[in-house]
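These notes are about the structure you will find just below.
What follows is calculated from the coordinates using simple rules that are stated; it is not laboratory data. These numbers come from a predicted model, not from an experiment. With ideal geometry, Cβ positions are generated from the backbone for all residues, glycine too; neighbour counts draw on all protein chains shown.
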Amino acid sequence: MDAILLDAEWSPRPGARLTQAALAQRKAAGSLAWRNPLFRAAQIDDPTPGPREVVIEVGACGVCGSDTHCYETDDDGYIIFSGPVSLPVVPGHEYAGRVVATGAEVRTLRPGQLVAAEGMLNCGVCEACRIGRPNQCPHLEMVGFSAPGAYARYVAIEERFCWSLDGLAERLGDARAAMELGALVEPIACSFNGIFVAGRGMAPGAHVAVYGCGPIGLGAIALCRAAGAATITAFDISPPRLEVARAMGADEAHDPRALASVGGSPADVILQVTRGWGADLQLECAGAAVSTMPQIERALAPGGQMIYLGRTGERAPVMLDVLVTGAASITGSRGHVGGGCFPRVIRLLEQDLLDAAPMITSRRPFSEFMSALEQSCTRADGKIMLTYE
Ligand SMILES: [Zn+2]
Ligand SMILES: [Zn+2]
């Protein structure tokens, strides 16, 4: 079958403390061990399903910032993505498609069904998995990074990671549109996990601020709108993304640099919008904590909650006393497994309660993968969606 392969040079960084298992399996954080990445088109064997697996014919797959982070390198040539990577691999983890084959022990799926699938393969038996922390499973394999992904005609995946899109396809009356929205479930489910599972949830009537309008921030905006936010104020340095933020439900969307040029700041805007109260929920989806934390501190409402979804290797300045005086909290969150993240996001789409479609700002055929990846480096799109014939 046609596929894209990502390969790189295994070259553990001097001083990186990798375990014996990591060295033996050549599986480690991309940024610590893999250098000089190369994406290329390749022909590989079609997958066959294991007993508990299904084979999905991929219909749509989004290009993720993490893919961009495997394409871009730092000054030493290492890929930027810091999750577990084992190469070569077929990348692509935000996908939906049609089940075309099922293993002997598969119980709930049959050929012909449309599904979206989780991209973080937790083991299910370790202590983290069994106490309800599947996203913190130490044995996690990541689709498209350490397990075969969806930049290919077919992908094999265990039944337990798949969720039906049949209801969505029925409402839309269009399988292709259902698969495109289905491919957005993965990033939106990450936002859902942060707000409603890892966090305390969002009360209707809350004032919300979102820093960073990439797919995670955009998903958060749409979810908070669906959950009854009073106001949503969004920030990003990309003007096209600010447009998408408004289309997905933000009341206001600002470029912090433009605010600074006239002596303003995100915190000033939030305090103005909320008449001095501050934001009850602030979501850091920018991975720019050095710049965003001081704003978040200044604009936090009494009892306010900050949810940290961005990634950065830098230490951020935080005045923790603000948490004491304001009875406020910071919650971190990673992933989209468990907690009802996938099925609830699908249900919101199915009932037309979540406006996710504006996130797709480009559609490219799978054959144009390489230029779509180049395009992702401009960080101007909401989501670039690859579609498969
Ligand atoms: Zn992703
Ligand atoms: Zn586990």
- Label-point separation in nm, Ile131 to Thr378, each point 7 Å along Cα→Cβ: 4.7 nm
- Query: Over the stretch 225-297, what is the relative contact order in whole percent, taking alpha-carbon pairs under 8 Å and six or more residues apart?
  - Reply: 24 percent
- Query: In the neighborhood of Val322, defined by Cβ-to-Cβ distances under 15 Å, what is the net charge if each Lys or Arg adds +1 and each Asp or Glu adds -1?
  - Reply: -3
- Query: Given charges of +1 on the Cβ of Lys and Arg and -1 on the Cβ of Asp and Glu, with all other atoms neutral, how large is the dipole of the chain about its Cα centre, in debye to the nearest 20?
  - Reply: 700 debye
- Task: Apply the Debye scattering formula to the chain, with a single equal point scatterer on each alpha-carbon and no solvent, then give log10 I(q)/I(0) at q = 0.08, 0.10, 0.12 Å⁻¹.
- Result: -0.40, -0.64, -0.93
- Have a look at the DSSP beta bridges in the chain and tell me what percent are antiparallel, nearest 5. 60 percent
- Net charge, Gly124 excluded, C-beta distance under 13 Å - Lys, Arg +1, Asp, Glu -1: -1
- How would you rank 371-377, 353-359, highest first, on the average number of other Cβ atoms within 10 Å across their residues? 353-359, 371-377
- Query: What is the stretch 200-332 by shape, rounded, prolate or oblate, if you read a ≥ b ≥ c off the alpha carbon gyration tensor as root eigenvalues and call it rounded for a/c under 1.5, prolate for a/b larger than b/c, and oblate otherwise?
  - Reply: rounded
- Between the helical axis of 341-350 and the dominant principal axis of the chain, each derived from Cα atoms, what acute angle in degrees is found, rounded to the nearest 10? 80 degrees
- Message: Please compute the length gained on full extension between Val262 and Thr108, using 0.36 nm multiplied by the number of residues separating them and subtracting their Cα-Cα distance.
- Response: 49.7 nm
- Message: Using the Cα centre of the stretch 20-77 as origin and beta-carbon charges of +1 (Lys, Arg) and -1 (Asp, Glu), tell me which of Ile44, Trp34, Leu23 is placed farthest towards the positive end of the dipole.
- Response: Leu23
- Task: First select every other residue whose beta carbon is under 10 angstrom from the beta carbon of Thr108; then total the charges, Lys and Arg +1, Asp and Glu -1.
- Result: +2
